[in-house]
1. Output yes when any residue across region 199-220 is hydrophobic (A, V, I, L, M, F, W, C), more than 17 Å from Ile139 (Cβ to Cβ) and touching a His at 6+ places or on another chain (Cβ under 9 Å), and no when none is.
2. Of all residues in region 219-229, which are crowded, with 21+ Cβ neighbours inside 10 Å and either in contact (Cβ under 8 Å) with a residue 60 or more places away in the chain or under 27 Å from Ala100 (Cα atoms) (or both)?
3. Kindly indicate whether Lys259 is closer than 30 Å to Asn57 by Cα, charged (D, E, K, R) and loosely packed, with under 11 Cβ neighbours inside 10 Å.
4. Go through region 104-131 and count every residue that is under 21 Å from Ile236 (Cα atoms), surrounded by fewer than 20 Cβ atoms within 10 Å (Cβ to Cβ) and among the small types (Gly, Ala, Ser).
5. Output the residue which, of all residues in region 197-218 that are modelled with pLDDT of 90 or more and among the hydrophobic types (A, V, I, L, M, F, W, C), is farthest from Val133 (Cα to Cα).
6. I'd like the full set of residues that are among the β-branched types (Val, Ile, Thr) and under 13 Å from His140 (Cβ atoms), limited to region 171-198.
7. Conditions first: (1) of a type in the set (D, E, K, R); (2) within 22 Å of Lys273 (Cα to Cα); (3) surrounded by 13 or more Cβ atoms within 10 Å (Cβ to Cβ). Lys66 passes all but one, so which condition is the exception?
8. Scan Arg32, Arg54 and give me the residue that is more than 17 Å from Val86 (Cβ to Cβ) and at pLDDT 80 or above.
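The values are calculated or read from the model by the stated rules, or taken from the named source; none is laboratory data. From a predicted model like this one, the values you see are computed outputs, not experimental measurements. Cβ: placed from backbone, ideal geometry, glycine included. Neighbour counts: every protein chain shown.
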Amino acid sequence: MPSAKEILRKFTELKTLPHVAIKVTQLVNDDRSTMQDFEEIIKLDPVLVTRLLRLVNSPYFGLSQKVESISKAVVFAGMKQLRNLVAVEGLRGLFKGENADFSAPKLWMHSATVAILSGMIAKRIFGKDGEDVFLAGIIHDIGLIVENQIAGEALREACKAYREGKGTLIECERNAIGADHAEVGYLLTKDWGLPQEVLGSVKSHHLAKQGKSVSSTGSILQLAEFMAGKMQYWAIPGPIEPLPPELTEHVKEKVADYKIIIRDLPGEMTKAKELYESDE
């Protein structure tokens, strides 16, 4: 069976993020970058310009006046939000096609839900900037898209075995494919210039123990994915993997706060739909 690296070598649809996304990511990581730098790059992508203007004028930002210029839109969105937007724009077209055992559109909705939950947890529970964990949520299952293109039949076998309770998703993937989506996703994204903690969380989001604090990106991603599964926003129906003991204890201590997040999620999803909805 092929290794994760061999699967990735065969994957031709998205070797890397589009040029604009890479450049925006580089600008975010450069302290010398100015808003004018961002504006000049964004102008190169008319679709992104349209998306950006729609986003800043959506309920997600709740502005009282309509924004019609790229420069103002960049200011209101902010650098990390802009990075996330171009990443979403680069990925959304990949999540197409479905059958009885694997649905790419459902995976996209799952990823969006996990991303929004991750941002809510980061901000509300830990008082952290939620943009990096949002990005981690959007890309954490990208390895499944790679596997679906390169080893679709084997992936469907893995999904069926997982749905029937024959192991964790990772175990079922390794048995049927020879690799798992966490490893494949990490290998795909590690050259995109993203924060290391985001990349690490993609690789580790199915581990029984993160080895980091409960407030780390990896831990927040696991919390969000667990909650999304409980609310049936799942990528692949099947047994919900339990949280690591330290995260279970954390949720028990903060159960009232997490109940409020669950209550508020539908409203946040509606507000943020410009970030993930399809134009189709």
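1. Yes, there is a match, as at least one residue in region 199-220 is hydrophobic (A, V, I, L, M, F, W, C), more than 17 Å from Ile139 (Cβ to Cβ) and touching a His at 6+ places or on another chain (Cβ under 9 Å).
2. Ile220, Leu221, Gln222, Leu223, Ala224, Glu225, Met227, Ala228 - these are the residues of region 219-229 that are crowded, with 21+ Cβ neighbours inside 10 Å and either in contact (Cβ under 8 Å) with a residue 60 or more places away in the chain or under 27 Å from Ala100 (Cα atoms) (or both).
3. In short, yes.
4. Result for region 104-131: 1.
5. Going through the qualifying residues, I end up with Val214.
6. Result: Val184, Thr189, Val198.
7. Here Lys66 clears every test but (3).
8. Arg32
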